[in-house]
1. Write out, first by first residue and then by second, each pair whose Cβ atoms fall under 6 Å of each other, whose residues are 6+ apart or on separate chains, and whose first residue, in segment A:77-92, is closer than 30 Å to A:ILE272 by Cα while the second is among the acidic types (Asp, Glu).
2. Determine which single condition B:ALA233 fails, assuming it passes every other condition in (1) modelled with pLDDT of 95 or more; (2) in a loop (DSSP other than H, G, I, E, B); (3) more than 15 Å from B:GLY41 (Cβ to Cβ); (4) open to solvent by 10 Å² or more (accessible area, probe 1.4 Å).
3. Run B:THR250 past the list (1) facing another protein chain (nearest Cβ under 8 Å); (2) free of Cβ contacts under 8 Å to residues at least 40 places away in the same chain; (3) within 15 Å of the chain's Cα centre (by Cα) and report the number of the one that doesn't hold.
4. Say whether the condition of being charged (D, E, K, R), open to solvent by 10 Å² or more (accessible area, probe 1.4 Å) and free of Cβ contacts under 8 Å to residues at least 40 places away in the same chain is met by at least one residue in segment B:3-23.
5. Looking only at segment A:137-172, how many residues end up being open to solvent by 10 Å² or more (accessible area, probe 1.4 Å), farther than 17 Å from A:ILE116 by Cβ and of a type outside the set (Asp, Glu)?
6. Just to be sure before I move on: is A:ILE198 over 17 Å from the mean Cα position of the chain (by Cα) and surrounded by 23 or more Cβ atoms within 10 Å (Cβ to Cβ) in the structure I sent?
7. Looking at B:ALA172, is it out of contact with any Phe, Trp or Tyr (no Cβ under 7 Å at 6 or more places or on another chain) and under 22 Å from B:ASP217 (Cα atoms)?
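The values are calculated or read from the model by the stated rules, or taken from the named source; none is laboratory data. Being a predicted model, the structure only gives us computed values, none of them experimental. Counting neighbours? That spans all protein chains shown, and the Cβs are built from the backbone with ideal geometry, glycine included. These area figures cover heavy atoms from the full protein model, side chains too; ligands, DNA and RNA do not enter into them. Shrake-Rupley method; radii C 1.70, N 1.55, O 1.52, S 1.80 Å.
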Number of protein chains: 2
Amino acid sequence: MGQDNYVRIFDTTLRDGEQSPGATLTSGEKLEIAHALARLGVDIIEAGFPAASPDDLEAVRQIAVEVGNRSPLPGREPPVICGLARATKGDIDKAWQAVQYAARPRIHTFLATSPIHMKYKLRMDPEAVVEQVREMVAYARSYCDDVEFSPEDAGRSHPEFLYLVLGEAIKAGATTLNIPDTVGYTMTDEFRTLTAGIKAHTPGIENVVLSVHCHDDLGLATANTLAGVQAGARQVEVTINGIGERAGNTSLEEVVMGLHTRQPFFALETGIDTTEIMRVSRMVSHYTGMAVQPNKAIVGANAFAHEAGIHQDGMLKHESTYEIMRPETVGWQQSALVLGKHSGRHALRVRLAELGYEVEPGEMDRIFARFKEVADKKKTISDADLQALMVDERYQPREIYRLDGLQVACGTMGMPTATVRLIGPDGSEHVTAAVGTGPVDATYKAIDAIVQMPATLLEFAVRSVTKGIDAIGEVSVRLEANNGNLQTRTSPQSGREQARTFGGYGADTDIIVASAHAYLAALNKMLVASGRYDSEPWTVVSEQLTVTDH
Amino acid sequence: MGQDNYVRIFDTTLRDGEQSPGATLTSGEKLEIAHALARLGVDIIEAGFPAASPDDLEAVRQIAVEVGNRSPLPGREPPVICGLARATKGDIDKAWQAVQYAARPRIHTFLATSPIHMKYKLRMDPEAVVEQVREMVAYARSYCDDVEFSPEDAGRSHPEFLYLVLGEAIKAGATTLNIPDTVGYTMTDEFRTLTAGIKAHTPGIENVVLSVHCHDDLGLATANTLAGVQAGARQVEVTINGIGERAGNTSLEEVVMGLHTRQPFFALETGIDTTEIMRVSRMVSHYTGMAVQPNKAIVGANAFAHEAGIHQDGMLKHESTYEIMRPETVGWQQSALVLGKHSGRHALRVRLAELGYEVEPGEMDRIFARFKEVADKKKTISDADLQALMVDERYQPREIYRLDGLQVACGTMGMPTATVRLIGPDGSEHVTAAVGTGPVDATYKAIDAIVQMPATLLEFAVRSVTKGIDAIGEVSVRLEANNGNLQTRTSPQSGREQARTFGGYGADTDIIVASAHAYLAALNKMLVASGRYDSEPWTVVSEQLTVTDH
């Protein structure tokens, strides 16, 4: 049970967060985010839902191997690596296949307990639900000493029934009990009362960790989570930037900074290194393509925006009048302009290391070349510029088609035209021109004519990385395949097969070039998923996958 | 004080929301938003801080005249039009100059009551603060029967001192007392206790309306506001999309939908027509350039995103398993594809009216021409496309320079070039070419060479309005003038002069053309503010402005 004043941070960015429409991540991106979460000091990483698809299972397994066996911070154990499973043997088998390689594996299984879910979704009566929970928690426990159970839609379940189900889960071996407000329905008072009731009335609760998991449909996820903590929860389930289905999950950064800023009020601690928050926030926003609005608490662009004025006026004595935390605490940098066209490889390597990027020797040539290319166009290269470049560099684990040349003419004269040269998977060169409604449309039509992977553009967004007209533009796109042959994934909640969507990201001072990169990145992911080409390198290890005997 | 179960919605989008960095609005935009807020059913519109600048005063006055004298909905009075004033005679005079034209004017004055603000900001002792509150509330009341008083930073003030100050404000004539958590510091429990304490211990509180005003620095604004309501507040101060300084204010849509979705829990009512929420949300996002993140509660693009899958599967019986409110309730449309290239003027006019746009006969020619232009390129025109066009049409109340032609060449060959033709204020034609780091940079450099209004680009963002590669792209930019001669505005909280920033918006199927429109829109606003050209048409009435005798 650990110290009673320690709140465990259970990050589900890679599971519940990644279920957001359009937030689909490649395995490579998931792995990089998992490393960043470990450096942030997260206690438990819910790395995915292995039963969703073979890709999902493999991604969780890879995180278990690589992140689950490495101490991320001095004096810290590797994070617990957790896999989600519905309360079935098949799902639990798959979760264990994936997480068993971690030093500290966890299986998280769940079954709905609200009348509406039992009746319409499960079509089970309450007795059968209790029996299945008992059996499946015991089954999970037969694999693994660390088992979490969640009564889905607890927020709309009868408290007395929850006490019963949770008590049985404890008897069957659950070590963490999680209370999800699955649909974001409860008011803060209600959720506090629910959690306190479970803490007071569940037999055996004193021997397990109580956890809360909230959704933000009515804007109350952070408040409800903190209320749960006040009522005795010592694990909180959160995501970076509050991403997740619909209005998303509880934001890690809000809960952590609430506990941190009001430490005397709560008298609780977390293991989070708050100065890593901004870096992980930006990484997750880049990789998922889920923008953070400027007025987002803690990590929004304006969250500390009064700063400038205060310093300009030299009114340092006023700081605490309108400021309850320092921007440095969460890793905001004053976008220091550190590098320029005369900066050398060493300076670049040092700065990248400070930003948390370990660059392999083989990688440095390409990164330095891109850096010089930008530095030739742009006077100063900020940290944000470097981060954008690194994300662009590392976003494409496997390039099937590569952009080799692009030429665009557009404007008000009416016939936007793009000529594209791509290098194909066999090294051959393809050149095509197309006319479109605008330069991006023309570019994408030309790429389509070569790649022949029918897709619908769901979202397209550009933003400038830094101030100034000559800034790098970041483009993120999200595509859906137009043919049904692509892999689908199973939703853990509804059990339905869902079409996968594919995100792409590009960064360049020319936003049309960045748009081409982003589109190709998404198409390349889709091509890999279609099975037309070999999958990403790491999947060669998948032959090792067998259910471990026990 | 009215029905005890009615919660008044006090919208401060145009005052506290507009203080967000970069959210600066023109008077024309403010007026259009005020009309939309009235249709939404807001009870009180805080239209601005008239002492900030002559422009701010005039914008409030215009809203008082035009929105404050018109019944927006059957059976409804015109909304109360409120102006903010520091607790000084000068500010109160200006607030009254602006709001007096409304059928139901209100003056809202404030003074800080927390030890830290009294000591460092006001440099006043508590006795002097009480005396100034007494005098200035009485002074405001001498103009106006409806006076609101806020003890700034109440969240960090001593409760006993608040009871005293607020009691004096009531004796001096205040009719609404507002409790601001100015820095977003309080936990939900604390704010509930604070509000309940004020309700219980302030002499005379039973004769006034108690109000709450929260900020979202720790992600708790909505929860704290609802806790305040549970503790007896019957006015809530909110903004559309939760915009506002730093992490913003409480979101109108979250509080209203909390009260609405959980009506049996609260047993309270508002006057809001919830089906107008999405329309106002989009308008405010367009005009302010403040994007709404996809995982924003109620109004984010994903808030109801599970919908599609459910309908596709025909699993209607499942709706309530994961859905606590219907998208129609807040005015989400299934982006019905209603118009195409064969649609006529009548169909367009009808659809625009359904979307809430009243089109003047003179305006229709230009709008129809733009509609046909888009329809020629794009098969179907959705509601979102139409809204983007309307916003683009109406965004520029005064064009100093107008884009007459643009020709751009860019790509990977390295020398992005733009040729721009502008029509100047005297009707003369200017053509310039420029090279840049990308097509947008080249376009902006060419425009700069003609317009000669030195500015720094603070933000640049593009997003596609609808699905599909041929979609309309929306561009929003934010500029800061590089010369100090432009008008500044006074911050109500710090009293400091702040540089104004200028937003611009453009929409086109060619994102480079849209970028040019957006940049010119922002530059035109800046040119007007510089005083180099006549201001917008309506300011000719400013000669009527005199302090009314009393």
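1. Close Cβ pairs satisfying both conditions: A:CYS82/A:GLU46; A:ALA85/A:ASP91.
2. Only one criterion is unmet by B:ALA233, namely (4).
3. For B:THR250, the failing item is (1).
4. So in segment B:3-23, the residues charged (D, E, K, R) come out as B:4, B:8, B:11, B:15-16, B:18.
Remaining after also requiring open to solvent by 10 Å² or more (accessible area, probe 1.4 Å): B:4, B:8, B:15.
Next, from what is left, pick out any that are free of Cβ contacts under 8 Å to residues at least 40 places away in the same chain: none.
Checked against the condition, which is being charged (D, E, K, R), open to solvent by 10 Å² or more (accessible area, probe 1.4 Å) and free of Cβ contacts under 8 Å to residues at least 40 places away in the same chain, segment B:3-23 yields no hits at all.
5. 10
6. Values: over 17 Å from the mean Cα position of the chain (by Cα): yes; surrounded by 23 or more Cβ atoms within 10 Å (Cβ to Cβ): yes.
When the stated conditions are applied, A:ILE198 passes them.
7. Details: out of contact with any Phe, Trp or Tyr (no Cβ under 7 Å at 6 or more places or on another chain): yes; under 22 Å from B:ASP217 (Cα atoms): no.
So B:ALA172 does not fit the description; no.
Okay, residues lined up against (1) out of contact with any strand residue (DSSP E or B) (no Cβ under 7 Å at 6 or more places or on another chain); (2) within 9 Å of chain B (Cβ to nearest Cβ); (3) within 18 Å of A:LEU25 (Cβ to Cβ):
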{"position": "A:SER494", "(1), (2), (3)": "yes, yes, no"}
{"position": "A:ALA507", "(1), (2), (3)": "no, no, yes"}
{"position": "A:HIS517", "(1), (2), (3)": "no, no, yes"}
{"position": "A:VAL528", "(1), (2), (3)": "yes, no, yes"}
